[in-house]
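The values are calculated or read from the model by the stated rules, or taken from the named source; none is laboratory data. Predicted model only: the values in this text are computed from it and were never measured. Positions of Cβ are backbone-derived with ideal geometry, glycine not excepted, and every protein chain shown enters the neighbour counts.
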């Protein structure tokens, strides 16, 4: 057993890395907990710096030759864990570096790009759920604009089930996002209840970006004024909005439905 003491300096550092955004940003490192999440990161060609496991908790085996492999006691692992029922696997990964240059046409997943623009998100669970939808629907990228949530927060990783590694996420401001979308000739559709146009009656087969905001405030005037079109999800009850991750999923899967005969994924 490599680490058994709760007072070990490595343990203290990992707790700080888990809890402190400034430490993650300064060191360019993040924690990923869970066997499945680590496997997804590996499948997306991200390699951990350190892989930690608790033999008392881990029921599956995993070794990464390029990483430092450490075993820790159950007590140490439970101190590091941010889950209710940890499975005994935790890894330190370098934070992925994604920019608009990463999203140039030769790198996009599809010939008919589908982008999510998420503005001012503040809840890790919402961002994680949006990333899971993006992965499931082969969305090309998520542009996270003027956000209030840390993408590399362990709770985002957990909520996304590791999709934070499989979907390119570009952190940017509104103006930069719009400039890139216009330069790439993607139409911007703003999701809002303040229109009569249903999302199901809109052409989603062309290269598009779906802009969504928070359920409390919606999109700002920037996207409402610069969008090529506004679309809404019908609300038949007494509430006037859906959770942003639910709204995003509905529109993205309608785009996927419309595109089935057209959408082609580039060969790796």
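Worth pointing out:
- Of all residues in region 47-92 being part of a helix (DSSP H, G or I) and crowded, with 19+ Cβ neighbours inside 10 Å, the one that is farthest from the chain's Cα centre (by Cα): 76
- Of all positions in region 93-111, at least one carries a residue that is over 21 Å from the mean Cα position of the chain (by Cα) and part of a loop (DSSP other than H, G, I, E, B).
- Of all residues making up region 237-263, the number that are in contact with a strand residue (DSSP E or B) (Cβ under 7 Å, 6 or more places away or on another chain) and either loosely packed, with under 11 Cβ neighbours inside 10 Å or modelled with pLDDT of 80 or more (or both): 6
- Of the residues making up region 18-46, those that are free of Cβ contacts under 8 Å to residues at least 24 places away in the same chain and either part of a loop (DSSP other than H, G, I, E, B) or closer than 15 Å to residue 157 by Cα (or both) are 19, 20, 42, 45.
- Single residue of 123, 97 found to be closer than 17 Å to residue 156 by Cβ and loosely packed, with under 14 Cβ neighbours inside 10 Å: 97
- Enumeration of residues in region 1-14 that are modelled with pLDDT of 95 or more and either exposed (fewer than 14 other Cβ atoms within 10 Å of the Cβ) or assigned to a loop (DSSP other than H, G, I, E, B) (or both): 2, 4, 5, 6, 7, 8, 9, 12
- Only one of the listed residues (2, 84, 36, 20) is farther than 21 Å from residue 162 by Cα and outside the structural domain of residue 163 (by TED's automatic domain parsing). That residue is 2.
- Of all residues in region 143-166, those being modelled with pLDDT of 95 or more and over 21 Å from residue 90 (Cα atoms) number 3.
- Residue 38 vs. criteria within 22 Å of the chain's Cα centre (by Cα), crowded, with 18+ Cβ neighbours inside 10 Å and more than 28 Å from residue 174 (Cα to Cα): yes
- If the condition is being farther than 16 Å from residue 189 by Cα, in contact (Cβ under 8 Å) with a residue 40 or more places away in the chain and under 25 Å from the mean Cα position of the chain (by Cα), then region 225-244 contributes 241, 243.
- Those strands (runs of 3 or more DSSP E) of region 139-223 in which 1 or more residues are surrounded by fewer than 19 Cβ atoms within 10 Å (Cβ to Cβ) occupy 169-172, 187-191.
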